[in-house]
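The values are calculated or read from the model by the stated rules, or taken from the named source; none is laboratory data. Source: prediction; values computed, not measured. Cβ: placed from backbone, ideal geometry, glycine included. Neighbour counts: every protein chain shown.
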Amino acid sequence: MAIKTGDKVPPVTLKAMGSDGLVDVSTDDFFGGKKVVLFAVPGAFTPTCSAKHVPGFTANAAAIKAKGVDTIACLSVNDAFVMAAWGKDLNVGDDVTMLADGNGDFTRAVGLGFDGSGYGLGERSQRYAMIVDDGTITTLAVEDGPGLDVSSAEAMLAKL
């Protein structure tokens, strides 16, 4: 069953690249006591994700943070090395934290995965965005198919 508005973010350990290498990111710590916009994508370096989804959040980062958001994060079922390289390629800088759900633990815990095996992708995350306030999901927008609409940076900005 998929997570819904009003639910707590599940306790999972994600990965990210820090200044000294690979680091564990506890969702309890990452979301606790902060307002976070998390958006999830099917895969790093994929067309819609690279051309529209991440760039939209990078371009709108200042406006989103001006609405009281502490952190903007991108999550994908990729490893932390790929996520770091993708963030560097898209020049996200400090605007977007690139989080790796390499084993799909978070994606399974929130019930928002899909089987992309037909495309050679394996298990992946659906495209969605959520606003999380102190660990509680206050807004959840899941795309109902390919493309980018309800989970875009502009859509999330309108909900803040």
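See the values below:
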| item | result |
| --- | --- |
| Filter result for Val37 (in contact with a strand residue (DSSP E or B) (Cβ under 6 Å, 6 or more places away or on another chain), over 14 Å from Phe106 (Cα atoms) and either buried (at least 19 other Cβ atoms within 10 Å of the Cβ) or of a type in the set (A, V, I, L, M, F, W, C) (or both)) | yes |
| Within region 97-145, tally of residues that are closer than 14 Å to Ala44 by Cα, in contact with a helix residue (DSSP H, G or I) (Cβ under 6 Å, 6 or more places away or on another chain) and of a type outside the set (Asp, Glu) | 3 |
| Residue identified as farther than 19 Å from Lys4 by Cβ and of a type in the set (Phe, Trp, Tyr) among Phe81, Phe114 | Phe81 |
| Ala129 vs. criteria farther than 21 Å from Thr5 by Cβ and of a type in the set (A, V, I, L, M) | no |
| Single residue of region 121-145 satisfying the filter (in a loop (DSSP other than H, G, I, E, B) and among the charged types (D, E, K, R)) that is surrounded by the fewest Cβ atoms within 10 Å (Cβ to Cβ) | Asp144 |
| Top-ranked residue of region 9-61 - restricted to ones that are part of a loop (DSSP other than H, G, I, E, B) and polar (S, T, N, Q), ranked as farthest from the chain's Cα centre (by Cα) | Ser19 |
| Residue identified as aromatic (Phe, Trp, Tyr) and surrounded by 19 or more Cβ atoms within 10 Å (Cβ to Cβ) among Phe106, Phe114 | Phe106 |
| Matching entry among Ala66, Ala2, Ala51 (being among the small types (Gly, Ala, Ser), free of Cβ contacts under 8 Å to residues at least 12 places away in the same chain, surrounded by fewer than 21 Cβ atoms within 10 Å (Cβ to Cβ) and under 22 Å from Pro146 (Cβ atoms)) | Ala51 |
| Which listed residue is closer than 14 Å to Ser152 by Cα and polar (S, T, N, Q), from Ser50, Ser125 | Ser50 |
| Odd one out for Phe30, checked against (1) modelled with pLDDT of 95 or more; (2) crowded, with 16+ Cβ neighbours inside 10 Å; (3) touching a Gly at 6+ places or on another chain (Cβ under 7 Å) | (3) |
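Rundown of residues vs (1) under 20 Å from Gly21 (Cα atoms); (2) among the polar types (S, T, N, Q); (3) touching a residue at least 60 places away in the same chain (Cβ under 8 Å), yes/no style:
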site	(1), (2), (3)
Ala73	yes, no, no
Asn78	yes, yes, no
Val82	yes, no, no
Gly87	yes, no, no
Gly93	yes, no, no
Thr97	yes, yes, yes
Gly104	no, no, no
